[in-house]
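Input: a single structure, listed below in structure tokens.
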Amino acid sequence: MSTLPAAARLLACAVLSWPLAGQATAHRYRYDTVHSQILFSVDHDGYSRPFGRLHIARGWLRFDPDDWSDAATELDIDLASLDMGDANWNAAVLKSAFLDATHQRYAHFASTSVERTDATHGVLHGQLTLRGVNRGISIPFTFNREARTIFGLHTIAGFSATAVLDRTDFGMTTNLGSIGRHVSLWLEVEAIREERSPAKETDHAAQ
């Protein structure tokens, strides 16, 4: 009596997973961590807006250039990759008052939806976890193109995006009189299409 329901549940799960598996294989990408970068800029007491750089550690993307309705992504940003152009400055920003990378090395982003605004533009909506704080953010982006590389090794999808974050939303309230509250972001991202069947998309990017 107990075997039949278990078998039925197993069969139902397999049937339900078939469309998703086919869809993920067709349009699944992994981020190219070499050619993907995140730049940020913040006001320094009105004198200038210095830049810093961060790298994507790992992540996946599901995207069909012709149909964005099922697009999704999840990724980790390595805070320890911070480059402000000076070792002492890097160390100061990585401390607990700001990025707190010792306790939370990775910032995590998981999409919730993608809003297409025209043929090449959209808005990525999702949840960003930084310093252990989770907040909803929206990221306007441009789909640059998808094409085979010049040597035919991979199929690449490329995107450019911008966003503005309020650092106090993530608990960074130090030096508000001298360091800007709003942080401007620029993302230049490339993703390599998977040629083989990928791992489940429900797996956390940091695992």
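Throughout, read-outs are computed from the coordinates displayed, never taken from laboratory work. Fair warning: this is a prediction, and the values are worked out from it, not measured in the lab. Backbone-built Cβ (ideal geometry, glycine too); neighbour counts: all protein chains shown.
Relative contact order for the stretch 78-190: what is it in percent, counting Cα pairs under 8 Å that are at least 6 residues apart? Walk me through the intermediate numbers first.
Working: 195 pairs, mean separation 19.9, N = 113.
Worked out over the stretch 78-190, it gives 18 percent.
Do any chymotrypsin sites (Phe, Trp or Tyr not before Pro) in the stretch 129-182 lie in a DSSP loop with no more than 16 other beta carbon atoms within 10 Å, and if so, which? Walk me through the numbers on the way to the answer.
On the way: sites: Phe141, Phe143, Phe151, Phe159, Phe170; in loops: Phe151.
Here the sparse-neighbourhood loop sites are Phe151.
Measuring from centroid to centroid over Cα atoms, what is the spacing of the stretch 58-76 and the stretch 121-174 in Å?
That distance is 11 Å.
Would you kindly compute the Cα radius of gyration of the stretch 43-169 and its largest Cα-Cα separation (Dmax), both in Å?
16.7, 48
Full-extension gain between Asp86 and His182, please, as 0.36 nm times their residue separation minus the C-alpha to C-alpha distance.
32.4 nm
Return, ordered by residue number, the residues of the stretch 85-107 whose backbone nitrogen is under 18 Å from a label point located 7 Å along Cα→Cβ of Arg58.
104-107
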